[in-house]
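The values are calculated or read from the model by the stated rules, or taken from the named source; none is laboratory data. Every value quoted in this text rests on a predicted model; they were computed, and no experiment measured them. Cβ placement follows ideal geometry from the backbone for every residue including glycine, while neighbour counts extend to all protein chains displayed. Just so you know, the surface numbers come from the protein's heavy atoms only, side chains and all, with ligands and any DNA or RNA stripped out. Shrake-Rupley method; radii C 1.70, N 1.55, O 1.52, S 1.80 Å.
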Amino acid sequence: MNEFMRRLLFLPEQASTFAKDVDYLHYFVISVTMAASAAVAVVAIGFFWKYRRRQENQATPFIAPTAMFEVLAISVPLAFFLLWFVIGFRDFVKVSSPPPDAMDVYVQGKQWMWKFAYPDGPNSVGVLHVPANRPVRLLVTSRDVIHSVFVPAFRIKIDALPGRYTEIWFTATKPGRYQILCTEYCGAQHSKMWGEVVVMAPEAFDEWIKEQQRGLVTRADVLADETGQVSLQGSLAQMGKQIAVAQGCLRCHNVDTSLPSTGPSWVDLYQQTTKLTDGREIIADEAYLTESMMEPTVKVVAGYQPLMPNYQGKLTGPEAAAIVEYIKSLRSDRTAQAIGGEEQ
Amino acid sequence: MESSAARKMTAEGWLEPPPLPHHYETEENHKHALRFGMWLFLGTEVLLFAGIFVGYFVFRTYFPEAFEQAGRHLSLFWGTANTLVLLTSSLTVATAHYYAEHGKNRNAFWLLTASIAMGGMFLCIKGIEYHDKFVELALPGKFFHYNEITAPGGPIFYVVYFFATGLHALHVIVGMSLLTWVAVRCWRKEFSPQYYAPVENAGLYWHLVDLVWIFLYPLLYLV
Amino acid sequence: MTAPITTTASPSSGAAFPKKSYLNDGTSIRSWLLTHDHKRIAILYLVGVLIALFLGGVFAMVIRLELLTPGPTIIEALTYNRMFTLHGLVMIFMFMIPVIPGVFGNFFLPIMLGAKDVAFPKWNLTSWYVYMFGSALMLWGLIIGGADTGWTFYAPYSTTTTTAITPVLLGVFIIGFSSILTGLNFIVTIHTLRAPGVTWFKMPLFVWAVYATSIIQVLATPVLGLTTLLVAAEHTFGFGFFDPARGGDPILFQHLFWFYSHPAVYIMVLPSMGVISEVICAVARKNIFGYKMIAMSSLGIAFVGFFAWGHHLFTSGQSPFDAGAFAAISMLVGVFTAIKVFNWVGTLYKGAIAFTAPFVYICGFLFFLVFGGMTGVALATVSLDVHWQDTYFVVAHFHFIMVGAVIMGFLAALHYWFPKMFGRKYPENWALLAAGLIVLGFNATFIPQFLLGNAGMPRRYYEYPERFTSLNVASTAGASLLAFGFIIIAIYLAIALKYGEVAGRNPWGSRGYEWDVPSPPPTENFDKVPVFTRGPHEYQDVPEELAKVGHGI
């Protein structure tokens, strides 16, 4: 029955303990809704048929409702609505109250990606690993504008607000991969701000997280299909590359000129003579590259939209310098030597 | 409003009242409608300012020390002066209304002029206060560099301060324009016991402007 | 429908077109643009809202065409984001809010009260100019820079976006004034200009609906005005009211915004409910079942609607206590609506119903209001909203009400009152065809969207995961049908304006007060002093002279 209703209503699979509760209430509410609308339609059509006008000047009796009619008209709907309110509110309180032993994960939304971090553990971009059958609490915030974490298969959603942490929790019930969608409009790439929850069997997860906690940073990107492990040590250019990945620069600026790019490519960018939208020509030196991060809409390259988010306050001085060093290292005649042979 | 050129001077020294609009049965009904409409409009103004008061209370709850500190650094002298100026101007407006209702147009004219002058004085004093803020860099949002406020939330206080007083000052200007227009009509001796609604309505607007300040003053300067 | 519709010319219905009416009382452009006549101002509003409906419809079609494929189809992401912003802003502020009060409220309120005009005719004309100017400013802003924030312009995206949002916000601010002026005018008119015999409980239900609407317009719109000013100030000067980096609070924006925007939806739907009360009585030739309940429930919706705004913030991290309070209050609004639905259906009982286009629109209205309204109650059930918030389920819900209820009401009003306003009848067969297309097209467009929301498709998505494709294609197909229906209506109404059959005073045989005056009415509204001895919508003792209906069905 559950399966039939779920498919009829195009609901995604029920992959969390919360999902079943939500869906059962959903079936109840929607069935009554459909029944009521159908009843109104049937009665209206029935009345139309029975009481269709037979003469042009037909008079009709004056009919006023009885007090009982009005009492029923108020109390029956009210009873249903209050019942739904009680059940729904009880479930909402449940999903807002994480159990004390829930595993915490920090979630940060930023234009236009999701970043996850375990308190002791690794960070990742775009992919969240969780164990099945154990409660997980998401502590969610945003780096810039309001986003919203939505996992349809779990039936959970919570807004990601800048300057504040919100929380929601779930217990996933079966291993698998479930999509995360951003559900609060956040700009040009809002509809591609996706992520993935990878639910693993509890033992598999325990092993996985031990692996990760050996001080390495794991990067997994939903759009690309390769994973890489990058060391935290290394030259300034290497650090710049990691920061560029973590900050999402490479979502818009490619380092492989054969790929499409929302913003200007970084290959051969350093010291390049660049034409701006207002007709001026400038040289892309350290000052310009830094200015582009801190005040991106002041000097926009011709042929591109003023879409770049502002990193003022989000990158420290050394971080910005590291990115500039990375850009300087991207020469088409030197790509192989650039960062120890790794390509994007 | 109907042109005063078409109306003739009466023996009592004021213009005869304008003709009743064709869709009203009685003058009393017309007066009632004008008064009711004006009070409704004032209600909308109250709701406009209500939002910024909500903002004040919300941010005061978040940043109580900063609001206290910043409030103390506002000039109590100028704020109180402004309050007295506005209160007095409301008195002159109310008296002007009384005179207009009795057909004493010239008296009403001078009292309205006094009110307008006091409105101007209010704006000048506000200008002095604003100038001081600019000099001290006690400014809203990203322009804030005022070291006297040590608690967090300083910029937000000045956002509320400038927005609330700025919106209020705009209303003072609108009020002054209304009073000017009504004063001109007093000069033309348009008002009489049968017709003084414009003076009453402009006066009501001015009283509202005063009332908003009566709420802003203690919240910003005193607590 | 057997024979083509013809009129049986009957002396009492006066099937000759009146020589002098408000339409030809002065034919220069100046006499229209400087008119004080509430009926002419209604026509001016009609021109404005029809342009808005057309524009909003075009933007909707662009959106639906883009959503035919999961990836980019005909436009790019930034353009798409501008399109849904345009669609929302134009439809809500330029069409939905002003349409029924501005057109039919302006035209019929005074006549229904036995008055010769509204309380402040010059302010009425001013409200139209304010509406046109604000709309022009808003559209200009949308064209030169194109805001891409969505019509809800949430901070901090709206305060940091590089698109030209300030003229758009100022345009909205100005249009808000028009709404306030209209509401103010109507409230004073209802209080002070009722003719002798028109007591409060003798007023037609359309007047009650407009009264409740006007109260909301007057009280809620200033808060929107303030909010737009705050966002504009923050965007221009970086004030930081809503920016957490400067101590501000983005949730404060949501509270301020929705404090207006939730009552705003009742501004949109209440007048439509008033129309339905009028039309259903005429179509069924029957008194309204439960006059007092319907009148009072309009006020009830207006009152309770002010306290329900927090249901737009269920997933914003607000406390469960707040969520619960707002949810419970939102349910109450549903109860008032349920009362109305039962009473309308009860009106059909023992009536004498004519199958005409207005009746089809009533049927559509009833079904869509119940379904849309109950999905509203479903959304107010907090735990369900966690899944549905900001998905296509919400989009489907509000379109069911806004298009399904309000536009059905608008079309019912347009057809019902067309003979009164223009003195001519529209062709019934074409109207029935179009009504059928609209009802069908509407279902085909928006029912898939409920399912899309269930499946988890978020709103404002330019690209979407492939599994949502077939439902999107279905929705676009339905939208094309809907558009086609509107085009047909536009064509036959335009033709009927000039070539429609002369209607006569009361082609419907309706007992509404406005049908006692000529069609179209003279500038002064009444050719004889109005006498109010009967209650509104009473059909049990129709006098001989009005028994012969002038519209052969």
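Pick from C:ALA483, C:ALA477: which is in contact with a helix residue (DSSP H, G or I) (Cβ under 8 Å, 6 or more places away or on another chain), assigned to a helix (DSSP H, G or I) and closer than 30 Å to A:ARG7 by Cβ?
Of C:ALA483, C:ALA477, the one residue that is in contact with a helix residue (DSSP H, G or I) (Cβ under 8 Å, 6 or more places away or on another chain), assigned to a helix (DSSP H, G or I) and closer than 30 Å to A:ARG7 by Cβ is C:ALA477.
Per-residue answers, yes or no, for (1) within 14 Å of chain C (Cβ to nearest Cβ); (2) of a type in the set (Gly, Ala, Ser); (3) under 30 Å from B:CYS186 (Cβ atoms):
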position: B:LYS31; (1), (2), (3): yes, no, yes
position: B:PHE49; (1), (2), (3): yes, no, yes
position: B:PHE57; (1), (2), (3): yes, no, no
position: B:HIS73; (1), (2), (3): no, no, no
position: B:LEU76; (1), (2), (3): no, no, no
position: B:LEU84; (1), (2), (3): no, no, yes
position: B:SER89; (1), (2), (3): no, yes, yes
position: B:HIS102; (1), (2), (3): no, no, yes
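I'd like to verify a number: residues in segment C:247-294 that are under 29 Å from C:GLU428 (Cβ atoms), assigned to a helix (DSSP H, G or I) and in contact with a helix residue (DSSP H, G or I) (Cβ under 6 Å, 6 or more places away or on another chain), how many?
16
Could you list, in sequence order, the residues of segment C:11-35 that are more than 17 Å from C:TYR131 (Cβ to Cβ), hydrophobic (A, V, I, L, M, F, W, C) and either in a loop (DSSP other than H, G, I, E, B) or modelled with pLDDT of 95 or more (or both)?
Within segment C:11-35, C:ALA15, C:ALA16, C:PHE17, C:LEU23 meet the criteria.
Which condition from (1) within 30 Å of C:PRO156 (Cβ to Cβ); (2) surrounded by 15 or more Cβ atoms within 10 Å (Cβ to Cβ); (3) within 21 Å of the chain's Cα centre (by Cα) is the one that B:LEU139 breaks?
(3)
For every residue, the table says whether it meets (1) within 19 Å of C:GLU234 (Cβ to Cβ); (2) out of contact with any Phe, Trp or Tyr (no Cβ under 8 Å at 6 or more places or on another chain); (3) among the hydroxyl-bearing types (Ser, Thr, Tyr).
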{"position": "C:ALA155", "(1), (2), (3)": "yes, no, no"}
{"position": "C:THR160", "(1), (2), (3)": "yes, yes, yes"}
{"position": "C:ILE165", "(1), (2), (3)": "yes, no, no"}
{"position": "C:VAL172", "(1), (2), (3)": "yes, no, no"}
{"position": "C:ASN185", "(1), (2), (3)": "no, no, no"}
{"position": "C:THR189", "(1), (2), (3)": "no, yes, yes"}
{"position": "C:LEU193", "(1), (2), (3)": "no, no, no"}
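Only one of these is buried (at least 21 other Cβ atoms within 10 Å of the Cβ), out of contact with any Phe, Trp or Tyr (no Cβ under 9 Å at 6 or more places or on another chain) and of a type outside the set (Asp, Glu): C:PRO98, C:PRO110. Name it.
C:PRO110
Being part of a helix (DSSP H, G or I), in contact (Cβ under 8 Å) with a residue 12 or more places away in the chain and open to solvent by 10 Å² or more (accessible area, probe 1.4 Å): is that true of B:LEU220 here? Write out each step before concluding.
Working: part of a helix (DSSP H, G or I): yes; in contact (Cβ under 8 Å) with a residue 12 or more places away in the chain: yes; open to solvent by 10 Å² or more (accessible area, probe 1.4 Å): no.
Criteria not met by B:LEU220.
Could you check segment A:190-202 and list, in sequence order, the residues that are crowded, with 21+ Cβ neighbours inside 10 Å and within 10 Å of chain C (Cβ to nearest Cβ)?
A:HIS190, A:SER191, A:MET193
How do the helices (runs of 4 or more DSSP H) wholly within segment C:368-423 filter down when requiring 3 or more residues that are of a type outside the set (Lys, Arg) and within 12 Å of chain A (Cβ to nearest Cβ): which remain?
The helices (runs of 4 or more DSSP H) meeting that bar are C:382-388, C:392-399.
Give segment B:89-127 a look and list any residue that's closer than 20 Å to B:TRP78 by Cβ and in contact with a strand residue (DSSP E or B) (Cβ under 9 Å, 6 or more places away or on another chain), or say none.
none
With the structure loaded, tell me whether C:GLY504 is open to solvent by less than 10 Å² (accessible area, probe 1.4 Å) and farther than 20 Å from C:ASN106 by Cα or whether it fails that test.
yes
Kindly indicate the residue of segment C:301-344 that is open to solvent by 40 Å² or more (accessible area, probe 1.4 Å), of a type in the set (Phe, Trp, Tyr) and part of a helix (DSSP H, G or I) and also farthest from the other protein chains (Cβ to nearest Cβ) among those meeting that condition.
Looking at the filtered set, the residue picked out is C:PHE303.
Is it the case, given these coordinates, that B:HIS23 is of a type outside the set (S, T, N, Q), open to solvent by 30 Å² or more (accessible area, probe 1.4 Å) and at pLDDT below 95? Before the answer, list the steps.
Working: of a type outside the set (S, T, N, Q): yes; open to solvent by 30 Å² or more (accessible area, probe 1.4 Å): no; at pLDDT below 95: yes.
Judged against the criteria, B:HIS23 is not a match.
Please go through segment A:147-181 and pick out each residue that is among the hydrophobic types (A, V, I, L, M, F, W, C), part of a strand (DSSP E or B) and at the interface with chain C (Cβ under 7 Å from one of its Cβ atoms).
A:PHE150, A:ILE156, A:ILE158, A:LEU181, listed by residue number.
Pick from segment C:462-488 the residues that are within 26 Å of the chain's Cα centre (by Cα) and hydroxyl-bearing (Ser, Thr, Tyr): which of them is farthest from the other protein chains (Cβ to nearest Cβ)?
C:SER480
Looking at (1) over 30 Å from C:TYR539 (Cβ atoms); (2) within 12 Å of chain B (Cβ to nearest Cβ), can you tell me which one C:LEU113 breaks?
(1)
Confirm whether C:SER297 is within 14 Å of chain A (Cβ to nearest Cβ), within 19 Å of the chain's Cα centre (by Cα) and under 30 Å from A:PHE69 (Cα atoms).
Yes: the conditions hold for C:SER297.
Filter segment C:36-62 down to residues that are among the β-branched types (Val, Ile, Thr) and either outside any helix (DSSP H, G or I) or open to solvent by less than 20 Å² (accessible area, probe 1.4 Å) (or both) and give me whichever is nearest to B:HIS23 (Cα to Cα).
In this case the residue turns out to be C:ILE41.
Which of (1) farther than 30 Å from B:TYR62 by Cβ; (2) buried (at least 17 other Cβ atoms within 10 Å of the Cβ) does B:GLY154 not meet, given it meets every other one?
For B:GLY154, the exception is condition (1).
Can B:TYR205 be described as open to solvent by 20 Å² or more (accessible area, probe 1.4 Å) and among the hydroxyl-bearing types (Ser, Thr, Tyr)?
Details: open to solvent by 20 Å² or more (accessible area, probe 1.4 Å): no; among the hydroxyl-bearing types (Ser, Thr, Tyr): yes.
Taking the combined requirement at face value, the residue does not satisfy it.
Can you tell me which of A:GLN242, A:GLN312, A:GLN272 is touching a helix residue (DSSP H, G or I) at 6+ places or on another chain (Cβ under 8 Å) and either open to solvent by 50 Å² or more (accessible area, probe 1.4 Å) or within 27 Å of A:LYS192 (Cβ to Cβ) (or both)?
None of the others qualify; the one that does is A:GLN312.
Does segment C:235-249 contain at least one residue that is aromatic (Phe, Trp, Tyr) and open to solvent by less than 10 Å² (accessible area, probe 1.4 Å)?
Yes, that holds for at least one residue.
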